[in-house]
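Heads up: the structure comes next, in structure tokens.
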């Protein structure tokens, strides 16, 4: 799959087959994430692949209603960004971690996997952060759902570049 095809073809999936993504594939995806653009090479991204016990802790922290959404995908990866306390660096590092997360989604798509980037409220609570071992010096970026797709997704309508691009003189 070429890069433009991956960018245009990746979709959000909410229905997955039950088999988890194997560790070798996850290692490959997360290795690619380290190539995200990153000012000063601080490598701020942190990824936590949730196993059964950490998922159960997160579900308890989320409560019964929100816990059901944590069961959609067979593999869940928490992405966060280490923060230094310097507002400019923290903003740059947050954006770098978001780019790293998107690299994971694109690379997963290139391997035939489905994905979903969520930002559930539980991972912004002390209980949710503790459930996944996220430190006070980290900012939550996203919960990446990964797995084999159950169905094809439709192509959503997108704004044209004329709606969001300005050329300034």
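We did not get these values from a lab; they are worked out from the coordinates using the rules stated. What you see is a predicted model; the values in this text were computed from it and never measured. All Cβ positions, even for glycine, are placed from backbone atoms using ideal geometry, and neighbour counts span all protein chains on display.
Label reach from residue 1 (point 7 Å along Cα→C-beta): in the range 119-161, amide nitrogens under 15 Å belong to 145-156. So which residue, out of 107, 81, 66, gets the largest mean-square fluctuation from a GNM of the chain using Cα contacts under 10 Å as springs? Among 107, 81, 66, the largest GNM mean-square fluctuation belongs to 66. Of all DSSP beta bridges confined to the chain, the antiparallel ones make up roughly 95%. For the residues 129, 11, 111, a GNM of the chain with alpha-carbon springs under 10 Å puts the largest fluctuation on 111. Using a cutoff of 8 angstrom between alpha carbon atoms and counting only pairs six or more residues apart, the relative contact order for the chain works out to 35 percent. Would you work out if the range 21-150 is rounded, prolate or oblate? Take a ≥ b ≥ c from the square roots of the eigenvalues of the alpha-carbon gyration tensor; rounded if a/c is under 1.5, else prolate when a/b is larger than b/c, oblate otherwise. Oblate, since a/c reaches 1.5 and b/c is not below a/b.
Going by Cα centres, the range 17-31 and the range 146-169 are how many Å apart? Here the answer is 26 Å between Cα centres. Distance between the modelled labels on residue 124 and residue 150, one decimal in nanometres: 2.8 nm (7 Å Cα→Cβ projection). If you run the Gaussian network model on the chain, springs between alpha carbon atoms under 10 Å, then out of 34, 46, 17 the most flexible one is 17. How much FRET efficiency would the formula 1/(1 + (r/R0)^6) give for residue 167 and residue 34, where r is the Cβ-Cβ distance and R0 is 35 Å, rounded to 0.05? Once the sixth-power term is evaluated, E becomes 0.55.
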